[in-house]
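See below for the structure under consideration.
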Amino acid sequence: MFQTLYSYFWWERLWLPANLTWADLEDRDGRVYAKASDLYVTIPLAFLFLVVRHLFETYVATPLAGLLNVKEKIRLKAAPNAVLEKFYAATTKHPKQADVEMLSKKSGLSVRQVERWFRRRRNQDRPSLLKKFREASWRFTFYLIAFIAGMAVIVDKPWFYDLREVWKGYPIQSILPSQYWYYMIELSFYWSLLFSIASDVKRKDFKEQIIHHVATIILISFSWFANYVRAGTLIMALHDSSDYLLESAKMFNYAGWRNTCNNIFIVFAAVFIVTRLVILPFWIMHCTVVYPLDLYPAFFGYYFFNFMMGVLQMLHVFWAYLIIRMAQKFITGKAREGPAGWCWVVVEDERSDREETDNSEEEDEVVKNGPLSNGHPVLNNNHRKND
């Protein structure tokens, strides 16, 4: 049964144009072609990336954070409380008003104290500033190196200047060593991102990130064994062109370099929109959708590749919407300024789960000096509610 499924999966009519077989892509006359078996090496390389990442974050990113004076925000810890801790762990981190009142009776605390306890407890689980800086430093380093390497791989190739050259002689296109390593390293890195996503800083677009990583892995893998390598190198370099800018903006944000962060964000937003919403759909996707049909009738691999490209493009539109929302608030002056003058773009990142404020002394003062309404203090003109 397994052999039957294997044969159906690798049926040539699925992945190759008509009248071509896998035998046509066997190495001969000194010419080397992409093979699916090449991709096995990416799994151990992905684990190697995780080791390198740990060493980088420990011995490079952490000292760098110290040099840039990345400071941790002091967090007030929630007092030990078995009743509230059990509810927090087993039921929800965000109790409704009825739950709060029930927990107030069980724990012997006031409603306000229960709300404050959950707020502090949630803040305890949020990643530290140093963790965020270390992650951003690692991704910045990889994306910058990958972008430079990608440009070195494709800048001297004719298909970089004429997209019709992408399909010249397809699929009988031999692979260069530089293309091989570019593919293996990129795919290994995305595997490592997928393996570590559960322990990385979690954002509101967590599901979209998983979809993005899976779609990217499928696209890179398929484009390799179906020999869409020329198009693949263009797509990977295009993506890396803006990613390192975002990560560097985060790094400067965490370091408190407001003006630098603001300026990098403006450049990032422009590069992202131009590359992901203009060049990718109107040049690269036009190349993968239109030009192959001049050579071969459409086949399953053609539809599959362009479908996955469409999935990525929808994610780009989603993220572009968030970026434009941030940019609009930033330009109109509605952005909030974070602690120590942090730039708004990352402090108020639309994808981030923002830390909740906890001005307990102010709250206590309000409770002492003012009446309660529905479990909340009535605020006068001298106090501002920060919850």
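General observations
- Taken over region 118-146, the residue count meeting the criterion of being of a type in the set (A, V, I, L, M) and open to solvent by 40 Å² or more (accessible area, probe 1.4 Å) is 3.
- Restricting region 58-98 to residues that are outside any helix (DSSP H, G or I) and of a type in the set (A, V, I, L, M) leaves a set whose member that is surrounded by the fewest Cβ atoms within 10 Å (Cβ to Cβ) is 74.
- You will find that of 115, 101, the residue that is more than 30 Å from residue 264 (Cβ to Cβ), open to solvent by 40 Å² or more (accessible area, probe 1.4 Å), in contact with a helix residue (DSSP H, G or I) (Cβ under 8 Å, 6 or more places away or on another chain) and assigned to a helix (DSSP H, G or I) is 101 and no other.
- Selection status of residue 158, without any contact (Cβ under 8 Å) to a residue 60 or more places away in the chain, under 30 Å from residue 15 (Cα atoms), open to solvent by 50 Å² or more (accessible area, probe 1.4 Å) and over 31 Å from the mean Cα position of the chain (by Cα): yes
- Unique residue being in a helix (DSSP H, G or I) and open to solvent by less than 60 Å² (accessible area, probe 1.4 Å) when the list is 50, 20, 55: 50
- Members of region 23-44 that are open to solvent by 100 Å² or more (accessible area, probe 1.4 Å) and on the phi > 0 side of the Ramachandran plot: 29
The values are calculated or read from the model by the stated rules, or taken from the named source; none is laboratory data. Every value quoted in this text rests on a predicted model; they were computed, and no experiment measured them. Cβ atoms come from the backbone with ideal geometry, glycine included; neighbour counts cover every protein chain shown. For accessibility, only protein heavy atoms count, side chains too; no ligands or nucleic acids. Shrake-Rupley method; radii C 1.70, N 1.55, O 1.52, S 1.80 Å.
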